[in-house]
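Below is one structure, written out as structure tokens; comments come after it.
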Amino acid sequence: MNTKIRQKVRRGMLTVSLLLLPVTLYYFSPALSLQGAAAGVATGSVLVFAGLFLSALFLGRAFCGWACPLGGLQEHTARLQGRPVARRRIRWIKYLVWGPWFLMLVYLILQAGGFRRVQFSYQTWHGISAADPQGLVILLAVAALFFLPAVLVGRRASCHTLCWVAPFLIAGRAVRNFLAWPALRLSGQARTCRRCGICTGACPMSIDVQESLRAGGLETTDCILCGSCADACPSGSLRLVFHEGRPQ
Ligand code: SF4
Ligand code: SF4
């Protein structure tokens, strides 16, 4: 696919996903996952988290780069304020959020004796999440949680610090990297690189792509496989590829 078209398609997908957030919000809800687990119900959000873990076995964090509604919100916000973040210093914070929540989820599932039924549209109105005033308040609160850090800290700040979905994708990617089966990944050729830094400037996750390529380590838990770096590179030194092998 033409590189400019690919990024247009990607941004279009993120925008559509963002516009659908009033419908899909509860399918990403950590709170409803706990509430359902306590009642022995496998909610839509638990199934979505499990599905995203499975997707990461082959697609890494591509969901974040191509389909996440809150990723879309942050990428639109980056047009207002797009400074990079010091990702290595802040990315551990999301595990402080995710770890206790995940342990609580497991505890509640065990205490309830496992899931007794599946209710994909749990607590929605005919499948729609923000269908009442309470849902609208939750929608605005979640949007603020992702919008404000993007404005105050920088690019996709909440992807690094807050997102409770990212650890599922990172875990799936870790399994894939251990077993090294075919999967989507970023590949590069340092010998053709002109060291212009355009790739680094294009990365929505604030990765120093130029330096990573020079050092021979493009694989990182922060990469959302969006292809922005590859599509901006004037020398064609970077590519999104689908093949097997250990991370580069
Ligand atoms: S390194 Fe490239 S593919 Fe990965 S997040 Fe940054 S721009 Fe996207
Ligand atoms: S954009 Fe391409 S040529 Fe420029 S630094 Fe990045 S990899 Fe090298």
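A short reminder: the numbers here are calculations on the coordinates, not readings from a lab. The shown structure was predicted, so the numbers you read here are calculated from the model rather than taken from an experiment. Counting neighbours? That spans all protein chains shown, and the Cβs are built from the backbone with ideal geometry, glycine included.
Out of the DSSP beta bridges found with both residues in the chain, what percent are antiparallel (nearest 5)? Show your work: numbers first, answer last.
Details: 7 of 10 bridges.
Bridges in the chain that DSSP calls antiparallel: roughly 70 percent.
Going out from 0 in 10 Å bins, what whole percent of all Cα-Cα distances in the stretch 157-198 drops into each bin?
Going from the shortest bin to the longest, the percentages are 21, 30, 34, 14.
Helix 166-179: angle to the longest alpha-carbon principal axis of the chain, degrees 0 to 90, nearest 10?
60 degrees
In percent, what relative contact order does the stretch 3-174 have, based on Cα pairs under 8 Å that are 6 or more apart in sequence? Could you put the intermediate results ahead of the total?
On the way: 239 pairs, mean separation 66.2, N = 172.
Once divided by the residue count of the stretch 3-174, the mean separation gives 39 percent.
First measure r as the distance between the Cβ atoms of A215 and V175, then evaluate 1/(1 + (r/R0)^6) with R0 = 30 Å and state the FRET efficiency to the nearest 0.05.
It comes out at approximately 0.75.
Please compute the length gained on full extension between A144 and A50, using 0.36 nm multiplied by the number of residues separating them and subtracting their Cα-Cα distance.
Values: separation 94, 0.36 × 94 = 33.84 nm, distance 2.56 nm.
Working it through step by step, the gained length comes to 31.3 nm.
Helix 93-111 versus the longest principal axis of the chain: what is the Cα-based angle in degrees, 0 to 90, to the nearest 10?
Its long axis makes an angle of about 40 degrees.
What length, rounded to one decimal in nm, is gained on full extension from Q134 through to A31, with 0.36 nm per residue of separation minus their alpha-carbon distance?
The span from Q134 to A31 would gain 35.7 nm if fully extended.
Does anyone have the angle between helix 3-19 and the longest principal axis of the chain? Alpha-carbon axes, 0 to 90°, nearest 10?
Roughly 20 degrees between the two axes.
Would you mind getting me the FRET efficiency between W101 and V23? Use the beta-carbon distance for r and R0 = 25 Å, nearest 0.05.
For R0 = 25 Å, the calculated efficiency reads 0.60.
Given a Förster distance of 25 Å, report the FRET efficiency between R194 and M13 from their Cβ-Cβ distance, rounded to the nearest 0.05. Present the calculation step by step, with values, prior to reporting the outcome.
Values: r = 30 Å, r/R0 = 1.20.
Approximately 0.25, to the nearest 0.05.
Which value at 222 nm does the chain reach when only helices count, each DSSP H run of 4 or more adding -39,500 (n - 2.57), with the total divided by all residues and rounded to the nearest 500 deg cm²/dmol?
-16500 deg cm²/dmol
So what does the Cα-only Debye profile of the chain read at q = 0.12, 0.15, 0.16 Å⁻¹, as log10 I(q)/I(0), no solvent term?
Per q value, in the given order, log10 I(q)/I(0) is -0.72, -1.09, -1.22.
Which of these, G60, G82, G127, has the largest mean-square fluctuation under a Gaussian network model of the chain (Cα springs below 10 Å)?
Per the Cα network of the chain with a 10 Å cutoff, G127 tops the list.
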